[in-house]
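Trainee: Please find one structure pasted underneath; my questions will follow.
The values are calculated or read from the model by the stated rules, or taken from the named source; none is laboratory data. Computed from a predicted model, the values in this text were never measured in an experiment. Accessible surface is based on the protein model in full, side chains and every heavy atom, while ligands, DNA and RNA are left aside. Shrake-Rupley method; radii C 1.70, N 1.55, O 1.52, S 1.80 Å.
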Amino acid sequence: NNTADSFLAAMQQARSEAITRGDAVLLCRTADPTSNTCGTSSGEDWSPGWLMYAVRNFSGEVNFDASNANHQLISRGSPTSDGVTVTSDDHGDKWLTFGSDGTLVEAGVVAYAVCDDRGVEHGRLIVIPMIGRPYLTNDMTDAPNCEPT
């Protein structure tokens, strides 16, 4: 699945950027990847695209403000192709933040299910443990109906 591979690569890049820059880097979902605005409404659908920001002078806040001069855009992720969905669990619903040491700055392990219209049996799960090293698995046990728990 190209979408799963691309999203995993974005997470790996975000983690690498955080370590290299010595500052936090966050990925956030967006309704419009041509904008600079992260999706702040509730919901767990990352299919419309994402943005990657470096967060200079990170002080532990896990939020996003496009007007904050400390938030520097690194890259944008395009919407998924038709029939492909990317859905997060509650920990990764709005954004995913890597600290300057590459660890995850979230309340727990984060998971994203990447599925297409063929169903969950063809889905892939991206898991990011607290250590921050994301990985892909075909085991969808923790994502029934392509929705991570």
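Trainee: If one takes the longest principal axis of the Cα atoms in the chain, at what angle in degrees, from 0 to 90 and to the nearest 10, does the Cα axis of helix 2-21 lie?
Mentor: The two axes meet at around 20 degrees.
Trainee: Further question: Which cross-chain or sequence-distant (5 or more) residues have an amide H under 5 Å from the amide H of ASP89, H modelled 1.01 Å from N in plane?
Mentor: Under 5 Å from the amide H of ASP89: ALA111.
Trainee: What Kirkwood hydrodynamic radius do you get for the chain when you take the inverse of the mean 1/r over all pairs of distinct Cα atoms, in Å?
Mentor: Computed over Cα pairs of the chain, the Kirkwood hydrodynamic radius comes out at 15.0 Å.
Trainee: Quick check: Cα centre of segment 1-51 to Cα centre of segment 66-125, how many Å?
Mentor: So the two Cα centres are separated by 6 Å.
Trainee: Taking a probe of 1.4 Å, how large is the accessible area per residue of the chain, in Å²?
Mentor: Value for the chain: 47 Å² per residue.
Trainee: How large a share of the accessible area of the chain, in percent, is made up of carbon and sulfur atoms when the probe is 1.4 Å and the other protein chains stay in place?
Mentor: 46 percent
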